[in-house]
Amino acid sequence: MLRLLVVPFRAPSLLLLFGVAVVMGNHWSLLQSEQIDSLGIDVELFWVVELLQAVVLVVICTMPDLILRQVSLLMAASRAISLLVVLLLVITAGLYLLHLSLLADVLILASAILLARLDLTRIRVVPPPVVMAIALGLILLGGIWIGQQISMPLHLSLAKLFAG
């Protein structure tokens, strides 16, 4: 049990992942109010999409070999499935490129997840992919939840904390 408590200090990218998640959660909570006012998007739908995006990123970043193997097998099975997968990837990439701020969020989260995974590999903590996905997902979702609970922009909260 003590070895698990020391892991964040041996692999500091886990703390970085948690910090990025807190900042993203705070950023998304501020973005939520803008989206509701300007586009009329429902709050629950906004958070479902953002959290689904985060979970998909964790799965893709922790199990790329398993996912690519399964997708390759599907694409090899049929030309129709191959076309469907390519169209899905092109449409998804196009949607992200249309909204570059979403692409930036995805790239930041993916980089933090991959750094944490690499840091864990460096210290030879390599659990099975499903366990790794669950652990990194819990760290990411916990950080997003804490960031969402902060009611003002994070940089203003930190300035008040250190000033007073």
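The values are calculated or read from the model by the stated rules, or taken from the named source; none is laboratory data. Computed from a predicted structure; not experimentally measured. Don't worry about glycine lacking a Cβ; one is built from the backbone with ideal geometry, like all the others, and counts go over all protein chains shown. Accessible surface areas use protein heavy atoms only, side chains included; no ligands, DNA or RNA. Shrake-Rupley method; radii C 1.70, N 1.55, O 1.52, S 1.80 Å.
Checking each residue in segment 112-137 for being assigned to a helix (DSSP H, G or I) and β-branched (Val, Ile, Thr) picks out Ile113, Thr121, Val130, Val131, Ile134.
Across segment 85-125, the number of residues qualifying as surrounded by fewer than 12 Cβ atoms within 10 Å (Cβ to Cβ) and free of Cβ contacts under 8 Å to residues at least 24 places away in the same chain comes to 17. Checking the structure you have, find out if any residue of segment 4-18 is in contact (Cβ under 8 Å) with a residue 40 or more places away in the chain, open to solvent by less than 80 Å² (accessible area, probe 1.4 Å), in a helix (DSSP H, G or I) and out of contact with any Leu (no Cβ under 9 Å at 6 or more places or on another chain). The answer is no; no qualifying residue exists. Leu5 meets all of the listed conditions (1) more than 18 Å from the chain's Cα centre (by Cα); (2) modelled with pLDDT of 85 or more but one, namely (2). Here the condition is being at pLDDT below 80, in a helix (DSSP H, G or I) and not basic (Lys, Arg); of Leu89, Leu51, Leu109, Leu97, it holds for Leu97 alone.
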